[in-house]
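Let me begin by presenting the structure, written as structure tokens, before commenting on it.
The values are calculated or read from the model by the stated rules, or taken from the named source; none is laboratory data. Here the structure is a predicted model, which means the values were calculated and not measured. Ideal geometry is used to build each Cβ from the backbone, glycine not excepted, and the neighbour counts take in all protein chains shown.
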Amino acid sequence: MTGPLYSLSRKEGWRRYVEAPARQRPEQLAAGQLKRLGDAAREDYDEARHDWHANFGIMRTPQLGAIHDELELIVSAGRQDPDRVRGAAVIDALPGLGKTTAANTFARGFDRAQMRRHGPLTGEGHERIPVFRVGLTSNTTLRTLNRMICEFYGHPGTSRASAAQLASYALDCVLSCQTRAGIIDDLHFIDPRRKDGLDVSNHLKWLANELPVTFIYAGVGLAGRGLFAEGLTGQSAVLAQTGRRWTRLELPPFEVVSEQGRQHWQGLLKATERQLVLARCRPGMLTGLADYLFERTSGHIGSFITLVTRGCFKAIRTGEETLTAALLDQVRIDEASEQARRQLAAAFAAGRLSASSGTRSRKPKAAAS
Amino acid sequence: MVTGRRERRMAVRLASERAAVPGAADQEAPGQAGWLPGTAGPGADPLPEDVALRTVPAVAGDDDDPAEIFDDPAASDFYADAFEILE
């Protein structure tokens, strides 16, 4: 593996992510050229391809584009003065659909624009940090949430401070660094039906009131967890208030039931295929496997990328230098996809589904009597 | 522009040499006596153009396999509806 390791939960890591130049695609060599490489050169070339396949650019899928457009609207319109309440965005979707990617890529663009427009220092000479980002853990309390925000900024007083002091430090950091947007990832770790979860949920509301930033939350099944609970009364009525302030954004998986859905699936396959650096890569290599790839991944982009990345690794290691159903059959991915595979395989085999654009799913033939 | 006597003589000599080189249309005529000294005439050895082609060094390997030669994807519109890649 090459390249520096860093965490997006620290300002240094976030800055590195924001300012990193686009990766350089390794040169495409044909199989004959590959054979003529010396051992060391071949090893370096394969390493470069492994790195590339694990990190090639983010594809602007229709789902991602729609989320970016909504976030752009919510963050750009969130210019209310500090005495007014500003809304927040919540990306609520199943795992493996790119919630974190959607939030991070949007915030990266926002950060770049702010730095370009206002420069790296604030008017008071502080470091400008347009975005902060924290990821919650399974036992996030009010205190740990405040500490995570302070640790992002590298505040030196995070180890011995109380929850209230940490909240004050976090406010100082946000104001001094003129932060405009905050990402809180993995919000599903908060369970509002538990006492400590309700405390954190209330604290998020406090943060939204006190910090002059627009929050972008991301999590799994948030609506089901009651974070947007509407019509609640009594002690939990505060959640209904949250539901009034947060805009919920969904990130659906790919589907192949409609013609538009099949076209989007083809667009994903083509965009991916064009990125691959395999000696025997051909136009149509992935689109020819449209049904198979959908069956394997259920249209979840996270599972799809994992399958392709591991498949490319195997194709390079075995010398096949191309992706085929036989090779990909040897690659296992997440359990959810593996479990869903059987059902989808039956639907494709029976003709009830097709992932190829321009085709229409046919009805299964009636069984012979 | 040719100015001096010596240059004029050189220009005439070069022009006459060029005129002796057979044109492409004439090369099919058998028995033509227009070949430059040191080159093979028609009917015996390959035409000079073929000789020139044969001087390209042969490269062995799978690149020679027609199945491995494919059009540059970027040049075709196969990927026209592929999603954009964010930098």
Checking A:Leu211, A:Leu171, A:Leu222 in turn, the sole residue that is over 25 Å from A:Arg112 (Cα atoms) and either surrounded by 16 or more Cβ atoms within 10 Å (Cβ to Cβ) or modelled with pLDDT under 85 (or both) turns out to be A:Leu222
Scanning the range A:238-289 for residues that are touching a Lys or Arg at 6+ places or on another chain (Cβ under 9 Å) and modelled with pLDDT under 90 gives A:Val238, A:Gln241, A:Thr242, A:Arg245
(message) Would you confirm whether or not the range A:3-21 contains a residue that is touching an Asp or Glu at 6+ places or on another chain (Cβ under 6 Å) and modelled with pLDDT of 95 or more?
(response) yes
Filtering the range A:174-192 down to residues that are charged (D, E, K, R) and surrounded by 21 or more Cβ atoms within 10 Å (Cβ to Cβ) yields A:Arg180, A:Asp185
Scanning the range A:251-267 for residues that are at the interface with chain B (Cβ under 8 Å from one of its Cβ atoms) and touching a Ser or Thr at 6+ places or on another chain (Cβ under 6 Å) gives A:Gln263, A:Gln266
Practice task
Return a yes/no flag: does the range A:37-46 have any residue that is within 14 Å of chain B (Cβ to nearest Cβ) and closer than 18 Å to B:Glu87 by Cα.
Solution key: no
The residue that is modelled with the lowest pLDDT, considering only those in the range A:71-112 that are buried (at least 18 other Cβ atoms within 10 Å of the Cβ) and among the charged types (D, E, K, R), is A:Arg86
In the range A:47-65, anything under 22 Å from the mean Cα position of the chain (by Cα) and more than 13 Å from chain B (Cβ to nearest Cβ) is listed as A:His50, A:Asp51, A:His53, A:Ala54
For the range A:1-31 the number of residues that are surrounded by fewer than 15 Cβ atoms within 10 Å (Cβ to Cβ), touching a helix residue (DSSP H, G or I) at 6+ places or on another chain (Cβ under 9 Å) and outside any loop (DSSP other than H, G, I, E, B) is 1
